[in-house]
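*Asks:* Dumping the structure here so I can ask a few things about it.
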Amino acid sequence: MRRVIVVGAGASGMMAAVTAARNGAAVTVVDAMDRVGKKLLLTGNGRCNLTHMDEHPEDSCFGAGRGWIQTVMRQLMPEDVRRFFLELGLLTFEKNGYVYPVSGQASSVTAVLTAEMKRLKIKVKLSEKILSLEKKKDIWEVRTASWCYEGDAVILACGSKAVPKTGSDGSGYALAKMTGHRIRPVRPALAPILCEGDFFQAVSGVRCRAAVSLYLRAKGGQKPDVPESEKGQLLHRESGELLWANYGISGILVFQLARFISAYQDPGRELFLEADLLPDLTEGELEKLLISRAEALGQERVPVLLLGLLNEKLIPVILKRAGMTRKDSSAKLMEDEKLAGRLADAIKHFPLVPRGTKSFDACQVCAGGVDTKQVSCRTLESKLQKGLYFSGEILDVDGLCGGYNLQWAWASGYTAGRSAACGSLDAVR
Ligand SMILES: Cc1cc2nc3c(=O)[nH]c(=O)nc-3n(C[C@H](O)[C@H](O)[C@H](O)COP(=O)(O)OP(=O)(O)OC[C@H]3O[C@@H](n4cnc5c(N)ncnc54)[C@H](O)[C@@H]3O)c2cc1C
């Protein structure tokens, strides 16, 4: 019977352990924390968005090449993940592709995985941090401060550096390096964005619908208020709920932009953001609406005109951007025809200057990690070290919000667990 040691009892480590045991291996899972799946418990605001019903989940992932990620994803697709959990007694429901447990609790996911590990007689060793690993002859020695586990195969499922208090403190990268693996630079991928500006304290806590675009332009080049065609290169655009904070912006739509910002290091060019705060209206429609409301309101102050369109905390900021004050009358928009255009422009093209992302403590997922060029996508076995496997976020793969990161954790855990148990590349064809 092959002995498989799994380092890390997060989502991918537990999937790897269950799969290896189902394929006949004697499995030991070792985790530094005092309970399994600490990060899993935080997912989806405690509700766990456990996958996304998508025929091409690889298209929503980054890092390794599309084909590499696809080969792993094909081994356990989102419908297989739902079936896997159904067989463990976890009912799930889908809304717009997003899949959650019907219990509404991430703890249900860890509970069914824990029960399955118990049923399969998997040994779970908690509060044991792995400090080193080494292959002696054909046996892997995996060491804590006071113990040495021996196995025929090791799966490193240590996660990334995102939210280190959940156990993923980046020590997995050091373990991978000890075995000769290259680590691609690790940085926050889904995270709030820090912005320059003195008004953020005043709007902190506001939530609004918005579309936010990220552009790249020559440094010191054009200001954002130029025609679309001259703005620079559009890198990414997302829409949804925008959350204003005292340091900048947050919310799922912002998270999706963060990976582009944390990656950016070109001294000759700079990034800028533009928020459309009324994405359901065209600029022309908005301008017409502003003028017709100005006609109706006459001498009433201009903030009154905006109250039905924007959160009231945003109004002074928008007025300042348009060169107006809260004391101006609505009638001014009719007297100066350029003013309605300027106000519409401030609402539709509100500029934001990013100065980075929040750090690892506040990010959900990291980009970078173990270079996938040195890992087989068919088995997730190291190309450098026989019997060494990787799964989950430790690898240089990260996904968009919406269940794609856990889908990656399940699919990669399944692939690594199955191949580690079978022991030969041909056995898992
Ligand atoms: C707040 C938050 C919300 C999220 N929500 C979602 C969501 O709804 N849907 C989604 O798809 N994704 C979500 N994610 C991302 C998702 O949780 C991760 O991508 C996923 O958990 C990664 O799984 P993993 O098994 O690779 O790593 P982890 O879950 O981080 O597990 C790694 C484990 O390895 C252990 N470990 C690390 N180093 C060692 C060592 N040296 N020795 C022993 N043990 C070690 C750690 O203690 C940890 O238990 C969220 C993330 C966060 C932070």
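The values are calculated or read from the model by the stated rules, or taken from the named source; none is laboratory data. Everything numeric here is computed off the predicted structure, so don't read it as measured data. With ideal geometry, Cβ positions are generated from the backbone for all residues, glycine too; neighbour counts draw on all protein chains shown. Accessible surface areas use protein heavy atoms only, side chains included; no ligands, DNA or RNA. Shrake-Rupley method; radii C 1.70, N 1.55, O 1.52, S 1.80 Å.
*Asks:* Hey, among LYS129, LYS135, which residue is open to solvent by 60 Å² or more (accessible area, probe 1.4 Å), touching a strand residue (DSSP E or B) at 6+ places or on another chain (Cβ under 8 Å) and assigned by TED's automatic domain parsing to the domain that holds PRO78?
*Replies:* From the options LYS129, LYS135, the qualifying one is LYS135.
*Asks:* Sticking with this structure for a sec: Quick test for you: out of ALA189, ALA145, ALA157, pick the one residue that is of a type in the set (Gly, Ala, Ser), touching a helix residue (DSSP H, G or I) at 6+ places or on another chain (Cβ under 7 Å) and over 30 Å from LYS348 (Cα atoms).
*Replies:* ALA157
*Asks:* On to the next question. Quick one: which strands (runs of 3 or more DSSP E) lie wholly within region 1-75 and hold at least 1 residues that are outside the structural domain of ARG378 (by TED's automatic domain parsing), near the ligand (Cβ under 9 Å from one of its atoms) and out of contact with any strand residue (DSSP E or B) (no Cβ under 7 Å at 6 or more places or on another chain)?
*Replies:* The strands (runs of 3 or more DSSP E) meeting that bar number zero.
*Asks:* Taking region 172-186 only, how many residues are surrounded by fewer than 19 Cβ atoms within 10 Å (Cβ to Cβ) and near the ligand (Cβ under 9 Å from one of its atoms)?
*Replies:* Residues meeting the conditions: 1.
*Asks:* Just for region 64-88: of the residues that are of a type outside the set (A, V, I, L, M, F, W, C) and in contact with a Ser or Thr (Cβ under 7 Å, 6 or more places away or on another chain), which one is least open to solvent (accessible area, probe 1.4 Å)?
*Replies:* PRO78
*Asks:* Please return the ranges of helices (runs of 4 or more DSSP H) entirely within region 313-376 where 1 or more residues are surrounded by 18 or more Cβ atoms within 10 Å (Cβ to Cβ) and over 35 Å from the mean Cα position of the chain (by Cα).
*Replies:* So the answer is 332-335, 337-348.
*Asks:* So, one more: For region 250-292, which residues satisfy the criterion of being in a loop (DSSP other than H, G, I, E, B) and under 30 Å from CYS366 (Cα atoms)?
*Replies:* Passing the criteria: GLY251, TYR264, GLN265, ASP266, PRO267, GLY268, LEU277, PRO279.
*Asks:* Looking at ALA189 and the list (1) surrounded by fewer than 22 Cβ atoms within 10 Å (Cβ to Cβ); (2) in contact (Cβ under 8 Å) with a residue 60 or more places away in the chain; (3) within 14 Å of the ligand (Cβ to nearest atom); (4) of a type in the set (A, V, I, L, M, F, W, C), which single condition is not satisfied?
*Replies:* (1)
*Asks:* Can you tell me which residue among GLY399, GLY413 is at pLDDT 95 or above, touching a Pro at 6+ places or on another chain (Cβ under 9 Å) and open to solvent by less than 10 Å² (accessible area, probe 1.4 Å)?
*Replies:* Just a single option satisfies the conditions, and that option is GLY399.
*Asks:* Further, regarding this structure: State all residues of region 133-164 that are within 10 Å of the ligand (Cβ to nearest atom) and more than 16 Å from VAL4 (Cα to Cα); if no residue qualifies, say none.
*Replies:* Within region 133-164, THR144, GLY159, SER160, LYS161, ALA162, VAL163, PRO164 meet the criteria.
*Asks:* May I ask you to list pairs of residues, at least six apart or on different chains, whose Cβ atoms are under 6 Å apart, with the first in region 382-406 being on the phi < 0 side of the Ramachandran plot and more than 9 Å from the ligand (Cβ to nearest atom) and the second being open to solvent by 20 Å² or more (accessible area, probe 1.4 Å) and charged (D, E, K, R)?
*Replies:* ASP396/ARG184
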